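The values are calculated or read from the model by the stated rules, or taken from the named source; none is laboratory data. Note that the coordinates shown come from a computational prediction; the quantities given were computed from them, not determined experimentally. Note: ideal-geometry Cβ built from the backbone for every residue, glycine included; neighbour counts use all protein chains shown. Areas reflect the complete protein model, heavy atoms only, side chains present, ligands, DNA and RNA absent. Shrake-Rupley method; radii C 1.70, N 1.55, O 1.52, S 1.80 Å.
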Amino acid sequence: LLIMLFCIVASGACVQAQDLELATADQRPEISYSGFVARIDLERAGDLLSALRRAEAYYQAEGMNLDHPPLAFVVYGPPVAMFFEKNYKRYSEVVDLAAKLTALNVIDVKVCKYSYVKEGLDDKNLLPFVSTVPFGPDEVERLIEQAKYRYF
């Protein structure tokens with residue numbers, strides 16, 4: 001009788017716990033962002049490579065199925081040079097991973113036009129998977145404030 005009473009009380013507690021869990025899940029706020037922008041120190045190729053590896057790991061952890069736009073990698077300053085054909089050999093590891101993740105729609109690489117013009121680079125030699133933005137810091141600000149992205 002004692003065992004039967006325990007089973008009845010225990011099953012009732014399980015039902016109450018499930019009801020509480022469902023109620024709590026219903027009260028969770030909706031995700032209020034639309035994507036991610038990478039926040040990385042781009043002064044060294046290794047920093048970008050580390051960020052790309054984190055993006056790849058995130059993609060794999062999400063079951064290779066993202067429910068938001070690709071992670072925005074906005075590159076400005078001297079590191080924009082990594083994404084030009086003449087520098088491919090020097091930065092091939094970074095470029096190859098960035099190209100792969102772009103093809104998988106995990107990331108979107110955008111380079112700052114102001115920066116590459118300042119570096120004396122011509123967009124005719126920009127690698128084909130990379131897009132441009134007029135000014136990198138403005139693009140990051142736009143993504144955060146207007147497009148409701150958050151930092152990755």
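Before moving on, here are some points about what is shown:
- Considering the range 54-77, and only residues there that are of a type in the set (G, A, S) and out of contact with any strand residue (DSSP E or B) (no Cβ under 8 Å at 6 or more places or on another chain), the residue that is most open to solvent (accessible area, probe 1.4 Å) turns out to be A61.
- The range 101-119, residues that are under 19 Å from the mean Cα position of the chain (by Cα) and touching a residue at least 40 places away in the same chain (Cβ under 8 Å): L101, L104, V106, I107
- Filtered residues of the range 45-69 (kept if modelled with pLDDT of 90 or more, aliphatic (A, V, I, L, M) and under 15 Å from A103 (Cα atoms)): L52, A55
- Sole exception among (1) over 18 Å from A38 (Cβ atoms); (2) touching a Gly at 6+ places or on another chain (Cβ under 7 Å); (3) polar (S, T, N, Q) for S115, by number: (1)
- Helices (runs of 4 or more DSSP H) within the range 90-152 that include 3 or more residues under 18 Å from R53 (Cα atoms) and open to solvent by less than 90 Å² (accessible area, probe 1.4 Å): 92-103
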